[in-house]
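First the structure, in the form of structure tokens, and then the observations on it.
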Amino acid sequence: MTKERIGLILLGLVGLALLGSGIMKFTQPAEMVEAMGVGPLLTLAVVELLIVTALLIPRTRLLGIILAANYIGGIIAFSWLVEQETPIVGIALNTLLYVGAALYRPWLTDNQAGRIA
């Protein structure tokens with residue numbers, strides 16, 4: 001198994017987690033939707049599903065990696081600052097994402113700035 005394939009598997013795991021989260025947000029019970037508000041919940045679900053779509057398409061995969069890194073960074077910040085808890089899930093997802101991206105496209109971790117393959 002090549003490093004690129006292992007990277008794709010790790011990126012797929014992150015995509016699977018975001019897909020599950022997005023679907024769960026669409027199927028929330030009415031009590032939770034009322035407490036959180038329909039707007040933010042549906043917006044987050046759509047964003048998560050768009051990130052998954054970008055990760056699935058080979059031409060937009062790097063954009064999906066960037067979007068996922070930023071979105072998961074927001075999850076970490078929200079957990080840490082608002083919820084006052086350690087963001088273990090967010091850190092684990094971000095770690096999978098970064099390791100997967102580095103294995104999928106090794107030039108992302110090269111010291112040669114500006115080189116795009």
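Could you tell me which numbered condition residue 41 fails, if it satisfies all but one of (1) over 12 Å from the mean Cα position of the chain (by Cα); (2) exposed (fewer than 12 other Cβ atoms within 10 Å of the Cβ)?
Going through (1) over 12 Å from the mean Cα position of the chain (by Cα); (2) exposed (fewer than 12 other Cβ atoms within 10 Å of the Cβ) one by one, residue 41 breaks only (2).
Would you mind telling me which numbered condition in (1) buried (at least 17 other Cβ atoms within 10 Å of the Cβ); (2) at pLDDT 90 or above residue 25 fails?
(2)
From the list 82, 46, which residue is exposed (fewer than 15 other Cβ atoms within 10 Å of the Cβ) and within 15 Å of residue 19 (Cβ to Cβ)? So that I can check it myself, show each step before the final result.
Values: 82 fails: within 15 Å of residue 19 (Cβ to Cβ).
The unique qualifying residue is 46.
Within region 84-105, which residues are within 15 Å of residue 48 (Cβ to Cβ), of a type in the set (Val, Ile, Thr) and at pLDDT 95 or above?
none
Residues to consider are 81, 108, 42, 67; find the one that is touching a helix residue (DSSP H, G or I) at 6+ places or on another chain (Cβ under 8 Å) and at pLDDT 90 or above. It would help to see each step written out before you state the result.
Values: 81 fails: touching a helix residue (DSSP H, G or I) at 6+ places or on another chain (Cβ under 8 Å); 108 fails: at pLDDT 90 or above; 42 fails: at pLDDT 90 or above.
The unique qualifying residue is 67.
The values are calculated or read from the model by the stated rules, or taken from the named source; none is laboratory data. Bear in mind that the values here come from a model prediction, so they are computed numbers and not experimental data. When we count neighbours, we look across all protein chains shown, and the Cβ atoms used for this are built from the backbone with ideal geometry, even at glycine.
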